[in-house]
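Here is the structure we will look at, set down as structure tokens.
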Amino acid sequence: MRIGVIGAGQLGGTLATWCAESGHEVAVTSRHPDRLTDLVAHGDGHIRALTVPEAAAFGEVLFFAPNWESAREAIDLAHDAMAGKVVIDATNPARIDAPVEGTIPGAPGPGGPGPGGPGPGGPAPADPARADRAPAA
């Protein structure tokens with residue numbers, strides 16, 4: 001399968017590597033393409049560096065993983081080539097080192113140490129006063 005990865009930071013670069021290691025052809029892009037030489041070399045011929053529109057056109061499936069500050073620009077550059085494709089959006093506006101509202105620093109869970117991974121912590125205990133604000137299923 002041909003996979004396009006928009007953004008080659010820690011997440012995008014890791015996804016590109018895993019996909020290439022699984023035998024997929026991968027096109028990866030970055031605002032700093034000169035920094036992709038190691039990633040491309042590590043892909044054993046399965047990873048190529050392309051522009052944002054080229055990577056979006058290349059992939060049958062797209063991982064959208066730019067940093068938050070450049071996400072709008074990446075959408076503007078890739079939107080025509082994204083039409084009709086599966087796009088997995090991995091953007092996140094939170095800073096990695098910033099506390100996340102509703103989490104307990106150091107607690108296990110999403111983003112916390114342990115099974116959920118590194119980060120600011122897992123979900124806070126339920127607040128009965130906010131029960132009426134439960135997310136829709």
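The values are calculated or read from the model by the stated rules, or taken from the named source; none is laboratory data. Fair warning: this is a prediction, and the values are worked out from it, not measured in the lab. FYI the Cβ positions are ideal-geometry reconstructions off the backbone, even for glycines, and counts take in every protein chain you see. Calculation scope for accessible area: heavy atoms of the full protein, side chains included, ligands and nucleic acids excluded. Shrake-Rupley method; radii C 1.70, N 1.55, O 1.52, S 1.80 Å.
Can you tell which of A56, A16 is of a type outside the set (V, I, T), surrounded by 23 or more Cβ atoms within 10 Å (Cβ to Cβ), in contact with a helix residue (DSSP H, G or I) (Cβ under 6 Å, 6 or more places away or on another chain) and under 23 Å from N92 (Cβ atoms)?
Sole residue among the options that is of a type outside the set (V, I, T), surrounded by 23 or more Cβ atoms within 10 Å (Cβ to Cβ), in contact with a helix residue (DSSP H, G or I) (Cβ under 6 Å, 6 or more places away or on another chain) and under 23 Å from N92 (Cβ atoms): A56.
I'm trying to understand the selection: among the residues of the stretch 1-13, which are surrounded by fewer than 22 Cβ atoms within 10 Å (Cβ to Cβ) and in contact with a strand residue (DSSP E or B) (Cβ under 8 Å, 6 or more places away or on another chain)?
Correct list: M1, R2, G13.
Listed here are the residues, each with its yes/no results for (1) modelled with pLDDT of 90 or more; (2) under 30 Å from M1 (Cβ atoms); (3) not basic (K, R).
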| position | (1), (2), (3) |
| --- | --- |
| R31 | no, yes, no |
| R35 | no, yes, no |
| L39 | yes, yes, yes |
| W68 | no, yes, yes |
| D80 | yes, yes, yes |
| D89 | yes, yes, yes |
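Return yes or no: is I96 open to solvent by 30 Å² or more (accessible area, probe 1.4 Å) and either modelled with pLDDT of 95 or more or in a loop (DSSP other than H, G, I, E, B) (or both)? First the steps, then the outcome.
Details: open to solvent by 30 Å² or more (accessible area, probe 1.4 Å): yes; either modelled with pLDDT of 95 or more or in a loop (DSSP other than H, G, I, E, B) (or both): yes.
So I96 fits the description; yes.
With the structure loaded, tell me whether E25 is at pLDDT 65 or above and not aliphatic (A, V, I, L, M) or whether it fails that test.
Here the answer is yes, as E25 does meet what is asked.
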